[in-house]
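The values are calculated or read from the model by the stated rules, or taken from the named source; none is laboratory data. Bear in mind the structure is a predicted one, so any value in this text is a computation, not a measurement. All Cβ positions, even for glycine, are placed from backbone atoms using ideal geometry, and neighbour counts span all protein chains on display. Keep in mind that these areas ignore ligands, DNA and RNA; they rest on the heavy atoms of the full protein, side chains included. Shrake-Rupley method; radii C 1.70, N 1.55, O 1.52, S 1.80 Å.
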Amino acid sequence: MDKKTAESLNDALLGVGLSIGEIKTFLFLLTHDAGLRVTETARRLRINRTTLYGLLNALIGAVSFLPVII
């Protein structure tokens, strides 16, 4: 994903109410291997594993309406 696309997506996601942490997690998941374990994902994002679980739970609800908005 190029920088301009990432910035546009970041702005759109901020506009729908996602937090910076949720956006960072969402963009990471879009651009990385789907087979990564939570521990490895948290390490690469440089956040605690338990924090990542909270962000993922928040995204589960948020992502359900994003295709309608974007």
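Remarks
- Carbon-plus-sulfur accessible fraction, the chain (probe radius 1.4 Å, protein heavy atoms only): 56%.
- Computed extension length for M1-A58: 18.2 nm, one decimal, from 0.36 nm per residue of separation with the Cα-Cα distance subtracted.
- Acute angle (nearest 10 degrees) that the helix 20-31 long axis makes with the longest principal axis of the chain, alpha-carbon atoms: 80
- Over the residues of the chain, the helix contribution to mean residue ellipticity at 222 nm works out to -22000 deg cm²/dmol, using -39500 (n - 2.57) for each DSSP H run of at least 4.
- Residue ranking by accessible heavy-atom surface, 1.4 Å probe, largest first, among D2, D33 comes out as D33, D2.
- Given charges at beta-carbon only (K, R positive; D, E negative), |dipole| of the chain in Debye: 280
- Environment charge at R46 (Cβ cut-off 15 Å; Lys +1, Arg +1, Asp -1, Glu -1): +3
- Sparse-neighbourhood loop sites, trypsin sites (Lys or Arg not before Pro) in the chain - DSSP loop, at most 15 other Cβ within 10 angstrom: R37, R46
- For the chain, accessible area per residue (1.4 Å probe, heavy atoms of protein chains only), Å²: 69
- In a DSSP loop and with at most 15 other Cβ atoms within 10 Å, the chymotrypsin sites (Phe, Trp or Tyr not before Pro) in the chain are F65.
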